[in-house]
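The values are calculated or read from the model by the stated rules, or taken from the named source; none is laboratory data. Keep in mind that this is a model prediction, so the values were computed, not measured. Virtual Cβ from ideal backbone geometry, glycine too; neighbours counted across all protein chains shown. Calculation scope for accessible area: heavy atoms of the full protein, side chains included, ligands and nucleic acids excluded. Shrake-Rupley method; radii C 1.70, N 1.55, O 1.52, S 1.80 Å.
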Amino acid sequence: MRILITGATGTLGRALTTARADASDEVIGVSRSNPHGPQLYEWRHLDVRDEAAVDELIRGVRPDLVVHTAAVMGDWGVTAIGSVNVAAAAARYGARQVHMSTDAVFAGGSTAYRETDRPSPVTPYGSAKAAAETALGAIDPTAAFVRTSLIVGSDGQSPRERLVHEALAGSSGRTFFTDEFRCPVSLDDLVGAVWEISDSGLEGAQHVAGQHSISQYELAVLIARRDGLDEERVRPALRGARPGAAVIRLDCTATQAALQTTFRGARAFLRPPPSPA
């Protein structure tokens, strides 16, 4: 199978390319930035904002599957327009499409959002992702888009992990909100779910997030505890009237029922390793 993955040098894109390359598919990763370190896949430079370049690359590669992870917070051109460019070219040349989206397409509140709920973004990033979802549905109704939450890796390299490590190393004055709640997801679980969705033919909105709704502060404490850092140094704070949603929960019941990958909660996947006997 020939697979094209955008955003291949990002946290999720890198993990997806590595996992699928290990499965002996022909994987082509594209991104604006050069990859670092050894890689098991072919890499090509691509700026998804360039419609002609996107068309030329997909026309030349003729992938069976396009997994679109490229996005930049605060950049409408990459997150919205780039998604439209990728979706249009993939549909034009007959590729199966799976696009990554976010829980930020919702306004938040006390209700857990299901796959069938309409987007209600309150931030520019959420609006860009919601626009991309709408365009994708119009361009290719058979495509899937995966809404997820905060992604946490296992090696200290995901953005959320780096924030905690930097804060506890004293290199930032970062505090963590006790009144902002999300459903963090394990990078490993998300990668497994995305590949299952890609292979299954599922269409439309799919929700892949952790089982536990926890505060930004608790997530930081769990990361510190797992990594053997001093969790007492995690500084709590209130978010107050900051823009954006304070609480966003995804109901993943329907998607979970269709997949074998279990969406673990943060309290499960961030358990400290067992002590040596």
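Per-structure values
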{"quantity": "From the options V72, V86, V67, V105, residue that is without any contact (Cβ under 8 Å) to a residue 12 or more places away in the chain and closer than 22 Å to A130 by Cα", "calculated": "V72"}
{"quantity": "Residue within the range 242-251 that is under 28 Å from S200 (Cβ atoms) and assigned to a loop (DSSP other than H, G, I, E, B) present", "calculated": "yes"}
{"quantity": "Hits in the range 228-272 (condition: more than 19 Å from I197 (Cβ to Cβ), open to solvent by 90 Å² or more (accessible area, probe 1.4 Å) and of a type outside the set (K, R))", "calculated": "E232, L238, A241, P243"}
{"quantity": "Residues satisfying the stated conditions in the range 195-223, i.e. assigned to a helix (DSSP H, G or I), among the small types (G, A, S) and surrounded by fewer than 21 Cβ atoms within 10 Å (Cβ to Cβ)", "calculated": "S200"}
{"quantity": "Matching residues, the range 1-26, being modelled with pLDDT under 95, more than 24 Å from R160 (Cβ to Cβ) and open to solvent by less than 60 Å² (accessible area, probe 1.4 Å)", "calculated": "A21, A23, D25"}
{"quantity": "The one condition in (1) modelled with pLDDT of 95 or more; (2) open to solvent by 10 Å² or more (accessible area, probe 1.4 Å); (3) closer than 25 Å to V208 by Cα; (4) assigned to a helix (DSSP H, G or I) that D55 fails to fulfil", "calculated": "(3)"}
{"quantity": "Count - residues of the range 31-42 that are of a type in the set (A, V, I, L, M, F, W, C) and in contact (Cβ under 8 Å) with a residue 24 or more places away in the chain", "calculated": "0"}
{"quantity": "Answer residue from the range 157-187, given it is among the hydrophobic types (A, V, I, L, M, F, W, C) and assigned to a helix (DSSP H, G or I) and is most open to solvent (accessible area, probe 1.4 Å) among those", "calculated": "L163"}
{"quantity": "When residues of the range 43-52 are limited to those that are in a strand (DSSP E or B) and free of Cβ contacts under 8 Å to residues at least 24 places away in the same chain, the one least open to solvent (accessible area, probe 1.4 Å)", "calculated": "R44"}
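Residue-wise test of (1) open to solvent by less than 40 Å² (accessible area, probe 1.4 Å); (2) at positive phi; (3) of a type in the set (G, A, S).
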{"site": "T69", "(1), (2), (3)": "yes, no, no"}
{"site": "G74", "(1), (2), (3)": "no, yes, yes"}
{"site": "A89", "(1), (2), (3)": "yes, no, yes"}
{"site": "S101", "(1), (2), (3)": "yes, no, yes"}
